[in-house]
Amino acid sequence: MIEPFTDIVPSIWGTLNQGPLTLTIVLHTLIVLPMFWIYKQEKKKLENS
Amino acid sequence: MSNKSVWTSIPFWRRSAAWATGVASILLILLTFDTMGQISMGTDADLQKGITKRVPAPTVINYHIDYKMSEKRGHEVPVIGKKEPLFGKELSPKDAAAMLHLGKLTSQAKNCMNCHTLLGNGAYYAPDLTKAWLDPKWEQMIAMTGSKTKEEAMVKFLMNPQNYPTHERRMPNLKITEKEAKALVAFLKHMSSIDTNGFPRNFSKTVEQFKQGGTNAH
Amino acid sequence: MLTSIKSNKLQYESQKVGMMYFRVAIVLFGAQLLMGLIAAIQFIYPDFLYGIFDFSVARMVHINALVVWMLYAMIGSVYIMLPDETGQEAVGIGLGKLGFWVLTAAVAVVVLVYIFIQIGSGSETTIWLINEGREYIEAPRWADIGIVVVVLIFYYNVFFTYIKGEKTGIMTVMVANLLALAGLYLAGMFFTDNISIDQYWWWWVIHLWVEATWEVFVGTLAAYGLLKIIDAKREIVEMWLWIEVLMLFGSGILGLGHHYFWIGTPEYWWEIGALFSALEPVPLVAMFVHVLYDWGKEQGAKGDKPAINNGPAMAWIVTNAFGNFLGAGIWGFFHTLPQVNIYTHGSQFTAAHGHLAFFGAYATILIGMMYFGVQKAYGLERLKATFNSKMAIFLITFGVLGMTVALTIAGYEQVLVERAELGGGWDAFFTAQALPWMKQAMGWRLVMGVVTFVGFVYLLLDLLTIAKKQQN
């Protein structure tokens, strides 16, 4: 299931790079996901003010 | 009670901007650590044991370098072969490093990058130098410069390029000394051994074509 | 603009220093264009100044003048904005003025050495005194250190004024961004034998400047400009600004990877670089929408009073909205995917993108700020566009667009012939250079360059005379 590594030196980033989009999805998720939590916090602040 | 939406709240966007910037920066730093490890120069021991590094040791200039299609990688890759000393002399790791150092220093001091591209970066007035060491043109230049080897032709050309024009656009004389010219050749040979993920594409295909006596150009 | 030295209505010293920076900026812009013309001529007549002032020298001065004039205009803009936003005079502005003179003297020496000495022997001395030989940052090491010192003085002015005075959203972004912008310059100040590592760090300076910190800078200028010129509401422009920062840094920081496809770095950069940099145009769309929407909203909002109090500045800001999106966004997107880039890397297509991007994203809004500065220097409530203003913006924009189209056609042919067909070697390169599309494109590029230069002359004339004429 995990594609064989073709680049010269193995690395975690290369492993995450399984096919089109996999590495990007991981990185984008890391960036965007916590924004939901920020949204919830700010929403609560506005509703309480 | 506020009717304001989070979507127009400055604190929301400010915090999100701070978060995104912070995470992206940290990811970049982590990736940089990984990449630095992968593009540091290899050692002479790597070459002797046949361990492939993206940027080989300076002593790669003692070896034959080629550029061939790799089915596994899906593009052309440098191939380091048998011993092929530069200027007929096999250099120690220390001497090879010194030559590479002088070559790179000279390439900057003479401002090569403002006419040529190196690894595709630079100016677009003169050819890319990434695989200059492997360029089939040198066969012609050996005859034009009255040399016996490719490296001799390269040195002669670099020292007096104005004498060997190949096009109406000529390389100027940059007062390159013989020592600097030899070092530049070492630098170019080393650069051609760097794994550039297949750039320039089709280079090896046309080398074959050229050797068979022709190109598709009109 | 020169005469504003005497009829100065500026209350703050900081703003006077800002105008000083603008004056040098416009001169360097002219120098950039002249050098560009020389280089463009050499593409067509290669013997022009051969051996005396070669292409490499003309090109080096062209790109250095570009970067330096833009940095000057950026510093000038900040000195003008600073007291206005914070509500007080800049801290330590006397030192800031000294910094201006030191920097300008250093720039003059560097340029003279570029022109008259040009290159040196393969030694550390050359790197320290003459030329470092790395694109855009050729300035010798001594000058790098001088630049760091002067920029530290500038940042000292900015930071301590910000701390002391009112902390608006615009200034908060500006102060944080400037720290990154200035700090990144350090990444280029070293020598290594390893060309892959050399280029890895080089791109930290160039990319994280033009595709991150400089773009955020433009965002802050546009926000400030809209506030001042069309009376846009602060909450609105500042909200947009934070959104833009989120998208610019969210895409641009890892978008750096699109320069790591072919320089010896690992293959995972293909995906990271491609898919983060593909998003870089999105914040530019946001900036485009923001500027035009706010402008539309403010029309007629003040009844009889005109919505725009500085015609030329607003025109250049709107041109920035278009040009940034087109030059940086669209032309950049064309060649950001590795499947395309492997063929276009280091070709005339790159030059096409570079010209329209630098112009559309930076030159436009910085020229707008110069008009803003001129209006303030004469204390004018309103600055109206003149015939010269219109000729300037039309000819410069048309000229740069024309150059870009020409270079795009040249790049297209080069990619087909030199790269795809012939594999990019020595003969391949010159074969492609000799074909009709390339040759004709280079001809048109020169023609359009002349058009741009004529536009510049109108611009210079306008900046020198516009405010004086409207002083009633």
### Query
Do we have residue C:66 as closer than 21 Å to residue C:148 by Cα, within 14 Å of chain B (Cβ to nearest Cβ) and buried (at least 22 other Cβ atoms within 10 Å of the Cβ) here?
yes
### Query
Given the residues C:422, C:407, which is the only one that is within 14 Å of another protein chain (Cβ to nearest Cβ), out of contact with any Pro (no Cβ under 7 Å at 6 or more places or on another chain) and at pLDDT below 95?
C:422
### Summary
Out of (1) away from every other protein chain (no Cβ under 11 Å); (2) under 25 Å from residue A:26 (Cα atoms); (3) surrounded by fewer than 21 Cβ atoms within 10 Å (Cβ to Cβ); (4) not hydroxyl-bearing (Ser, Thr, Tyr), the one residue C:279 does not meet is (1)
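Considering each of C:80, C:75, C:38, C:52 in turn, give the residue that is of a type in the set (A, V, I, L, M, F, W, C), more than 25 Å from residue C:173 (Cα to Cα) and either in contact with a helix residue (DSSP H, G or I) (Cβ under 7 Å, 6 or more places away or on another chain) or part of a helix (DSSP H, G or I) (or both). Give the derivation first.
On the way: C:80 fails: more than 25 Å from residue C:173 (Cα to Cα); C:75 fails: more than 25 Å from residue C:173 (Cα to Cα); C:52 fails: either in contact with a helix residue (DSSP H, G or I) (Cβ under 7 Å, 6 or more places away or on another chain) or part of a helix (DSSP H, G or I) (or both).
Exactly one residue qualifies, and that residue is C:38.
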### Message
Please list, ordered by residue number, the helices (runs of 4 or more DSSP H) wholly in region B:1-117 having 3 or more residues that are over 16 Å from the mean Cα position of the chain (by Cα) and modelled with pLDDT of 95 or more.
### Response
B:10-39, B:93-109
#### Entry: Qualifying residues in region B:106-156 (those that are of a type in the set (Asp, Glu) and more than 7 Å from chain C (Cβ to nearest Cβ)) - the one nearest to residue B:205 (Cα to Cα)
B:139
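Considering region B:124-147 alone, what residues qualify as being under 27 Å from residue B:55 (Cα atoms) and of a type in the set (Ser, Thr, Tyr)?
B:124, B:125, B:130
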### Summary
Pairing a residue in region C:80-95 that is at positive phi with any residue that is surrounded by fewer than 17 Cβ atoms within 10 Å (Cβ to Cβ) and in a helix (DSSP H, G or I), where Cβ atoms lie under 9 Å and the two sit 6 or more apart in sequence or on different chains, gives C:92/C:156; C:92/C:160
### Task
Determine whether residue B:168 is part of a helix (DSSP H, G or I) and of a type outside the set (Phe, Trp, Tyr).
no
### Query
Is there a residue in region C:360-371 that is in contact with a Ser or Thr (Cβ under 8 Å, 6 or more places away or on another chain) and assigned to a loop (DSSP other than H, G, I, E, B)?
no
### From B:175, B:156, residue being surrounded by fewer than 18 Cβ atoms within 10 Å (Cβ to Cβ) and either over 26 Å from residue C:258 (Cα atoms) or outside the structural domain of residue B:116 (by TED's automatic domain parsing) (or both)
B:175
### Query
Any idea which residue in region C:191-243 is surrounded by the fewest Cβ atoms within 10 Å (Cβ to Cβ), counting only those that are away from every other protein chain (no Cβ under 12 Å) and under 30 Å from residue B:107 (Cβ atoms)?
C:205
#### Entry: Filter result (surrounded by 24 or more Cβ atoms within 10 Å (Cβ to Cβ) and without any contact (Cβ under 8 Å) to a residue 60 or more places away in the chain) within region C:407-421
C:407
### Message
Here is a list: C:5, C:38. Which entry is at pLDDT below 95 and either more than 18 Å from residue C:396 (Cβ to Cβ) or of a type in the set (Gly, Ala, Ser) (or both)?
### Response
C:5
### Query
Hey, does region C:333-355 have a residue that's away from chain B (no Cβ under 14 Å) and hydroxyl-bearing (Ser, Thr, Tyr)?
yes
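Listed here are the residues, each with its yes/no results for (1) away from chain C (no Cβ under 14 Å); (2) in contact (Cβ under 8 Å) with a residue 12 or more places away in the chain; (3) closer than 30 Å to residue C:271 by Cβ.
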residue: B:4; (1), (2), (3): no, no, no
residue: B:7; (1), (2), (3): no, no, no
residue: B:26; (1), (2), (3): no, no, yes
residue: B:46; (1), (2), (3): yes, no, yes
residue: B:66; (1), (2), (3): yes, yes, yes
residue: B:71; (1), (2), (3): yes, no, yes
residue: B:77; (1), (2), (3): no, yes, yes
residue: B:81; (1), (2), (3): yes, yes, no
### Query
When residues of region C:147-161 are filtered for being over 21 Å from the mean Cα position of the chain (by Cα) and surrounded by fewer than 23 Cβ atoms within 10 Å (Cβ to Cβ), how many remain?
5
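The values are calculated or read from the model by the stated rules, or taken from the named source; none is laboratory data. It should be emphasised that the depicted structure is a prediction, and the values quoted were computed from it without experimental measurement. In this analysis, Cβ positions are derived from the backbone assuming ideal geometry, glycine residues included, and neighbour counts consider all displayed protein chains.
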